[in-house]
Amino acid sequence: MSQKNILLIVAVVGVLLVGLVVWGISTPSPEDSEETASIVYYYGENCSHCRDLTKFLEENGIPEKVSFVKKEVSNNAKNAREIERRAKECGIASNAIAVPFVWSEGKCFIGTEAENFFREKAGMEKKSE
């Protein structure tokens, strides 16, 4: 094999590798797409209000009607930092953050507000407080 052919092969392989690296960097990971989700439901593993809301969501088929991402915060440090950042965006002090907590397009909903948020998104009547 001539030196020209070897150089050509090396150049082609190099271009392919660079292309793969650039494609890999620009392709969003599932975590990135969750980070940019328009509705995020934060819950705690041992939170009774969260279990009630999750039960409501399942019994009423809300996940089929409303697209959202669920994130557990009591055992996941990354999600805990994320909920703090989202709460701060809404002007909620870190000592006032509670779950269930829903973030949607820059707005935060806590407790009963979270259920009413999902009710409204699913076309249901709001629960009276």
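The values are calculated or read from the model by the stated rules, or taken from the named source; none is laboratory data. The structure displayed is predicted, hence computed values, not measured ones. Here Cβ is always computed from backbone atoms with ideal geometry, including for glycine, and neighbour counts include all displayed protein chains.
Odds and ends about this structure:
- Screening residue 25 against (1) assigned to a helix (DSSP H, G or I); (2) exposed (fewer than 10 other Cβ atoms within 10 Å of the Cβ); (3) at pLDDT 65 or above leaves a single unmet condition, (3).
- Only one of the numbered conditions (1) at pLDDT 95 or above; (2) closer than 14 Å to residue 39 by Cβ is violated by residue 72, and that is (2).
- Lone qualifier among 115, 72 - being touching an Asp or Glu at 6+ places or on another chain (Cβ under 7 Å), in the same structural domain as residue 42 (by TED's automatic domain parsing) and surrounded by 15 or more Cβ atoms within 10 Å (Cβ to Cβ): 72
- When segment 75-90 is filtered for residues that are in contact (Cβ under 8 Å) with a residue 24 or more places away in the chain and either surrounded by 14 or more Cβ atoms within 10 Å (Cβ to Cβ) or in a helix (DSSP H, G or I) (or both), the ones remaining, listed by number, are 79, 82, 83, 86.
- In segment 36-69, the residues that are surrounded by 13 or more Cβ atoms within 10 Å (Cβ to Cβ), out of contact with any helix residue (DSSP H, G or I) (no Cβ under 6 Å at 6 or more places or on another chain) and not in a helix (DSSP H, G or I): 37, 39, 40, 41, 47, 60, 68
- Hits in segment 96-112 (condition: at pLDDT 95 or above and polar (S, T, N, Q)): 104
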